[in-house]
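Everything below concerns the one structure shown next.
The values are calculated or read from the model by the stated rules, or taken from the named source; none is laboratory data. Model, not experiment: these values are computed from the prediction. Note: ideal-geometry Cβ built from the backbone for every residue, glycine included; neighbour counts use all protein chains shown.
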Protein chains: 2
Amino acid sequence: MKITALSGGVGAAKLISGLVKLTSPEDLTVIVNTGDDIILHGLYISPDVDIITYTLAGLVDEHRGWGIKDDTYNCLSMLGEYGGETWFNLGDRDLATHIFRTKMLREGLTLTQVTKKIAGLLNIRVNILPMSDERVETMIRIKGGGKINFQRYLVERKARDEVVGVEYVGAGSARPAPGVIEALLTAEKVVICPSNPVVSIGPILAIGEIKETLRGLKAPVVAVSPIIQGSPVKGPADKLMKGLNLEVSSRSVASLYKDFLDIMVIDEKDEGEEESIENMGLKVLKTDIMMRNLQDKVRVAKLVLEA
Amino acid sequence: MKITALSGGVGAAKLISGLVKLTSPEDLTVIVNTGDDIILHGLYISPDVDIITYTLAGLVDEHRGWGIKDDTYNCLSMLGEYGGETWFNLGDRDLATHIFRTKMLREGLTLTQVTKKIAGLLNIRVNILPMSDERVETMIRIKGGGKINFQRYLVERKARDEVVGVEYVGAGSARPAPGVIEALLTAEKVVICPSNPVVSIGPILAIGEIKETLRGLKAPVVAVSPIIQGSPVKGPADKLMKGLNLEVSSRSVASLYKDFLDIMVIDEKDEGEEESIENMGLKVLKTDIMMRNLQDKVRVAKLVLEA
């Protein structure tokens, strides 16, 4: 079965780790958020693409969910001595990815081409696609004025600012990366990973052609909620959703996707949300959606594939 | 006493380590060869500038004479997994220098400005100047045809090719970096470090304005030979000199510099060269020029300063 997933970083990587155990890797395409890409030290960093890549390559630091396991931080430490920014953790092996990517981008390759090349060199057979080759930057509007890059909001400022809005700068004119629309149109199932709906899935949906294509799909679209009992499994989804005056709940996530969604997978502990979601015309599946280990990941992935 | 030194890498760094113990650092200017600069992994690497900088910062790997002590090689190892070139050793901390330099060069700073900034951040008070802000590339012509970058000749191909010539590509039109001519004109003594005359001092002298200025100087010019008893203290000077049909000897080095040289410091073991050098109209000083430790470095530096 050909599967196409929309993905952010750490949460999505868990479900994808499960999906890849149940499908032929060539049949799986992952369309990854690039809204939180950032240039630091002159290097182009694509955090969500890297998380998915490192996860599928078996390189990821499993404990943190990002970066490369057993990495060292000597280059970053020296960059700090040169007055460089050290708030964004960049391991020595991880930096090789950014150096290699930046070199190829400067040589004229697209982000799609570079992502494919890196994946191939790491023997990944899953098709990892950035959502766009054009720059879309997720900017967080914070109370007191001002807009800051999402990574600065999340990592540098530790999500302490009060969010009053989110903008996907560049999304209005950005085209989907080559292969993205085709992967959606040819998929037998489309999966919205349990990622932050505002800053991980939101930027992907902000690209008009992607959202339009999802709306017209005949294949079923299944989303796994990133929220359990009103709290995000990980990350600042609650702060971001509140900042947009959204209820922090699985039904609220479903309402963001309802134009194109068919099935919503929510946690079995989520009481009283089922009816609201069904009233949107969606089917609801309930299970334990917390993915602690590979067994959990495969179990949730299996439910998604059978949905 | 204001001293200006012309310098390559490892050999020069030894003498400069001695000179800086005997002078006020602000009175010492080092004009460094950039002919063997190379771009690898999209990063601008300036090997001789880095050796001098790391040496003066107390960071250098004393055993090798280059790189940063106790460095790790995890980024380079991962770059290798991406198919990148790994023949040029780049430590993780060392890479920070190249990342930082490349970023600033791309932002429009000159190599002189970047070199000064890095030195300042490492609390170096000696004035380190690249010979030029323009690209001069030392190319080795090898038997069988073809020209290769000096680092590729020396490090990648381990100096195994037979040398038939050397070209300083770009030197004809390159201007000295800002401050270079002034540093020569205001020096009370100019020192030619014990560096490879062909590929370390040669590129500096290939810049017409520098050589002309040296020729017209009133201040004494002192060179320390990089050769003892017909063999280079370190590196491939013998192969390069032979390739240019030059005798591998201190007197041969003196003859390359004789247009502007006043005093030649040679090793006490060099028999029978004194007269040839004196016949060029130069003064000769003899001592043990092998600099094994700081005491040796200071001793040779003292002789140079008193010459």
Of those in the range A:215-237 that are touching a residue at least 40 places away in the same chain (Cβ under 8 Å), more than 17 Å from the chain's Cα centre (by Cα) and on the phi < 0 side of the Ramachandran plot, the residue surrounded by the most Cβ atoms within 10 Å (Cβ to Cβ) is A:228
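Against the condition away from chain B (no Cβ under 14 Å) and either more than 22 Å from residue A:168 (Cα to Cα) or acidic (Asp, Glu) (or both), how does residue A:22 come out, does it pass?
The answer is yes for residue A:22.
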Could you list, ordered by first residue, the pairs with Cβ atoms under 6 Å in which the first is in the range A:155-180 and under 19 Å from residue A:45 (Cβ atoms) and the second is among the small types (Gly, Ala, Ser) and at pLDDT below 95, at least 6 apart or interchain? none
Being within 18 Å of the chain's Cα centre (by Cα), at pLDDT below 95 and farther than 19 Å from residue A:131 by Cα, is that true of even one residue in the range A:266-275? no
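Please verify whether residue A:136 is within 11 Å of chain B (Cβ to nearest Cβ), aliphatic (A, V, I, L, M), closer than 20 Å to residue A:203 by Cβ and in contact (Cβ under 8 Å) with a residue 12 or more places away in the chain, treating the condition exactly as stated. Walk me through it before giving the result.
Values: within 11 Å of chain B (Cβ to nearest Cβ): no; aliphatic (A, V, I, L, M): yes; closer than 20 Å to residue A:203 by Cβ: yes; in contact (Cβ under 8 Å) with a residue 12 or more places away in the chain: yes.
Criteria not met by residue A:136.
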So residue B:45 clears everything in (1) under 20 Å from the mean Cα position of the chain (by Cα); (2) within 27 Å of residue B:186 (Cβ to Cβ) except one condition, right? Which one? (2)
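A quick yes/no check of all residues on (1) buried (at least 20 other Cβ atoms within 10 Å of the Cβ); (2) over 15 Å from residue A:5 (Cβ atoms); (3) at pLDDT below 95:
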residue: A:132; (1), (2), (3): yes, yes, no
residue: A:143; (1), (2), (3): no, yes, yes
residue: A:154; (1), (2), (3): yes, yes, yes
residue: A:158; (1), (2), (3): no, yes, yes
residue: A:166; (1), (2), (3): yes, yes, no
residue: A:171; (1), (2), (3): yes, yes, no
residue: A:178; (1), (2), (3): no, yes, no
residue: A:190; (1), (2), (3): yes, no, no
Top-ranked residue in the range A:164-213 [being β-branched (Val, Ile, Thr) and within 16 Å of residue A:139 (Cα to Cα); ranked as farthest from the chain's Cα centre (by Cα)]: A:164
Would you point out the residue of the range B:1-17, among those that are surrounded by fewer than 24 Cβ atoms within 10 Å (Cβ to Cβ) and more than 11 Å from residue B:195 (Cα to Cα), that is nearest to the chain's Cα centre (by Cα)? B:17
With the structure loaded, tell me whether residue B:133 is among the acidic types (Asp, Glu) and not in a loop (DSSP other than H, G, I, E, B) or whether it fails that test. no
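Among the candidates B:234, B:283, B:242, which residue alone is modelled with pLDDT under 95 and in contact with a strand residue (DSSP E or B) (Cβ under 8 Å, 6 or more places away or on another chain)?
On the way: B:234 fails: in contact with a strand residue (DSSP E or B) (Cβ under 8 Å, 6 or more places away or on another chain); B:283 fails: modelled with pLDDT under 95.
Exactly one residue qualifies, and that residue is B:242.
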Could you list all residues from the range A:55-86 that are under 11 Å from residue A:10 (Cβ atoms) and in contact with a strand residue (DSSP E or B) (Cβ under 8 Å, 6 or more places away or on another chain)? A:60, A:61, A:66, A:67
Select, from B:53, B:23, B:86, the only residue that is of a type in the set (S, T, N, Q) and buried (at least 21 other Cβ atoms within 10 Å of the Cβ). B:53
Here the residues within the range A:73-88 that are among the polar types (S, T, N, Q) and under 23 Å from residue A:48 (Cβ atoms) are A:86
